[in-house]
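Worksheet for the structure shown next.
Taken together, the values in this text are just the output of simple stated rules run on the coordinates, not laboratory data. Please read these numbers as outputs of a predicted model, since none were measured by experiment. Every residue, glycine among them, receives a Cβ derived from its backbone with ideal geometry; neighbour counts consider all protein chains shown.
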Amino acid sequence: MRDLLIRSADWLVTMDDERRELCGADILVSRGLIREIGVGLDAPEAEVLDASRCLVTPGFVNTHHHLFQTLTRAVPAAQDALLFGWLKALYPIWARMGPEHMRASARLGLAELALSGCTMSSDHLYLFPNGARLEDTIEAATEIGLRFHPTRGAMSIGESDGGLPPDSLVEREAAILTDCERVIDAFHDPAEGAMVRVGLAPCSPFSVSRELMRDAAVLARDKGVRLHTHLAENDEDIAYSLAHFGCRPGQYAEDLGWTGDDVWHAHCVKLDSGEVDLFARTRTGVAHCPCSNCRLGSGIAPVRAMRDAGVPVGLGVDGSASNDAGDLIGEARQAMLLQRVARGADAMSAREMLEIATRGGAQVLGRPECGALAPGSRADIAIWNMSGVEAAGSWDPVALLLAGPRRVRDLIVNGRRVVAEGRLTTADEAEIAEEANRLARDLAE
Ligand SMILES: [Zn+2]
């Protein structure tokens with residue numbers, strides 16, 4: 001791959017250790033890494049990408065998603081339900097999916113993420129009907145070109161055992177652990193700069209047993225991979241924990257080995273102050289998913305309190321069955337606004353939100369080499385065109401970004417241009433949409 005010189009960015013937000021913002025700066029990219037940042041860099045052999053009238057940021061990081069849900073957007077029976085009712089409406093539809101649906105749904109979700117500035121995404125796949133496997137989504141991510149953290153999810157307590165999912169969607173726990181080991185051995189890359197890292201992710205405390213939570217934590221530590229699940233999402237979730245486990249979710253997580261800097265939990269809307277302290281003390285991460293929390297009426301996560309306490313916080317779009325969109329820059333705006341609704345206009349600045357969406361997410365996923373623009377960092381870069389009507393008249397383009405362009409102009413992942421001039425370079429957007437529509441219609445019939 002030729003070196004790449006991103007030249008003359010009007011504004012450059014580095015998110016480096018000093019949080020430097022530069023004007024008229026260049027970035028030299030070589031072999032997937034940022035080699036140099038400065039004004040007037042000289043690189044005669046490099047391909048040049050003009051970034052004048054653009055704002056350049058680190059690529060955004062998505063820390064929670066269920067890519068398989070992209071084929072079940074706006075399902076009528078699930079549009080206006082709370083979490084548990086929403087799940088019960090969708091489980092029978094998801095049970096009809098297979099490998100082809102998983103792959104198509106992931107292509108669609110990842111394409112949408114890329115166009116909204118995302119260079120690295122995690123995914124939480126917790127059902128494997130009709131022969132579906134984790135690699136269906138890994139193949140999609142390899143094609144689209146994003147850095148990918150798939151997690152091997154699971155459900156093991158079906159309706160007949162008092163759980164929420166239908167028996168047809170749950171797996172035996174021994175088989176789950178065997179497949180967890182298989183996908184780690186086959187796909188997890190521990191190396192610096194890895195494009196695929198696998199994690200383990202039993203779905204939630206209300207769909208797997210204590211034993212599986214504990215065994216998954218032991219296996220993850222044995223293999224050196226991260227742990228992920230849903231926690232403290234809404235009031236029903238807290239009530240379930242109190243009724244079935246006799247404790248709050250934070251205690252449940254701590255007792256089973258689910259705290260630590262190798263763990264991140266989605267939502268955490270209902271963490272109390274003791275649980276926020278626990279997460280801060282143990283460096284346990286949080287994937288904040290504001291649109292999904294709004295859509296399901298779950299509440300507003302205490303992000304201000306988490307950040308003040310030192311909890312690592314990243315941003316997640318969550319699945320498209322509970323968000324409708326997989327638009328990461330839109331998610332960042334929603335997150336900023338929601339903290340202001342809860343805590344006042346000075347509760348969350350656009351710059352802090354931008355930090356959570358980039359550097360914060362990279363920290364939550366354990367990727368210190370990503371999330372910032374600095375020499376030696378991975379070249380995961382988003383270039384935003386600020387010359388259009390939606391960004392004109394701005395006195396502070398950095399603060400304006402979250403309300404500005406909805407599509408990235410160029411997206412560079414590990415030095416490779418995945419979006420160019422607002423279009424995916426790695427796949428055909430129209431074909432992705434057509435395939436998704438065809439399969440969604442099949443599921444509906
Ligand atoms: Zn989720």
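General observations
- Restricted to Cα atoms, segment 154-234 shows a radius of gyration and a Dmax of 13.5, 44 angstrom.
- Mean projected area (nm²) of the alpha-carbon convex hull when segment 127-192 is viewed from all directions: 5.4
- Rounded to whole numbers, the Karplus 3J(HN,Hα) couplings from phi for segment 351-366 are 5, 5, 5, 4, 5, 4, 6, 10, 4, x, x, 5, 5, 4, 8, x Hz, using 6.51 cos²θ - 1.76 cosθ + 1.60 with θ = phi - 60°, and x at Gly and Pro.
- By the count of other C-beta atoms within 10 Å, a proxy for reagent exposure, CYS370, CYS289 are ordered fewest to most as CYS370, CYS289.
- Placing pseudo-labels 7 Å out from each Cα toward the beta carbon at SER52 and VAL218 gives an inter-label distance of 6.4 nm.
- Cα gyration tensor shape of segment 45-103, rounded if a/c is under 1.5, else prolate or oblate by comparing a/b with b/c: prolate
- Only Lys, Arg, Asp and Glu carry charge here, each on its Cβ (+1 for the first two, -1 for the last two); on that basis the chain has a dipole of about 400 debye about its Cα centre.
- Extension gain, TRP395 back to ALA243 (0.36 nm per residue minus Cα-Cα distance, nm): 49.4 nm
- Between the residues ILE93, ALA104, VAL364, the greatest Cα displacement towards the positive end of the dipole of the chain, with unit charges on the Cβ of Lys, Arg, Asp and Glu, is found for VAL364.
- Seen through its C-alpha gyration tensor, with square-root eigenvalues sorted a ≥ b ≥ c, segment 72-216 comes out oblate because a/c lies at 1.5 or above while a/b is not bigger than b/c.
- Loop-located GluC sites (Glu not before Pro) across segment 307-398 with a Cβ neighbour count of 14 or fewer within 10 Å are GLU390, with loop assigned by DSSP.
- Other-chain or far-sequence residues with amide H under 5 Å of ALA379's (modelled H): LEU33, ILE34, ASN414, GLY415
- Across segment 60-66, rounded Karplus estimates of 3J(HN,Hα) from the backbone phi angles (6.51 cos²θ - 1.76 cosθ + 1.60, θ = phi - 60°) give 6, 10, 9, 9, 7, 7, 10 Hz, Gly and Pro being marked x.
- Per-residue extension of 0.36 nm, minus the Cα-Cα distance of VAL196 and ARG172, leaves a gain of 6.0 nm for this segment.
- For segment 19-82, the extents of the C-alpha atoms along the principal axes are 58, 24, 21 Å, listed from largest to smallest.
- The calculated FRET efficiency for the pair ASP277 and GLU143, based on their C-beta separation and a Förster distance of 41 Å, comes to about 0.45.
- In segment 277-367, the trypsin sites (Lys or Arg not before Pro) that fall in loop regions by DSSP, at most 16 other Cβ within 10 Å: ARG283
- Cα shape, segment 298-361, gyration tensor, a/c 1.5 rule: prolate
- Taking the square roots of five times each eigenvalue of the Cα gyration tensor of segment 180-332, the equivalent ellipsoid has semi-axes of 23, 20, 16 Å, listed largest first.
- Based on Cα contacts under 8 Å between residues 6+ apart, the chain shows a relative contact order of 21 percent.
- Computed [θ] at 222 nm, helices only, for the chain once each DSSP H run of length n ≥ 4 contributes -39500 (n - 2.57): -10500 deg cm²/dmol
- Column: log10 I(q)/I(0), Debye, Cα scatterers of segment 60-364, q = 0.08, 0.10, 0.13, 0.16 Å⁻¹: -0.29, -0.47, -0.84, -1.40
- Stokes-Einstein diffusion coefficient of segment 258-373, Kirkwood radius over Cα pairs, 4 °C, 1.567 mPa s, in µm²/s: 93
- Nonlocal amide H pairs with GLY158, under 5 Å, H built at 1.01 Å: GLY163
- Gained length - LEU33 relative to ALA403, 0.36 nm times residue gap less alpha-carbon distance: 130.3 nm
- In order along segment 400-414, phi translates into HN-Hα couplings of 7, 3, 5, 9, x, x, 8, 10, 6, 7, 9, 10, 10, 10, 6 Hz, rounded to whole numbers, per the Karplus curve 6.51 cos²θ - 1.76 cosθ + 1.60 with θ = phi - 60° and x for Gly and Pro.
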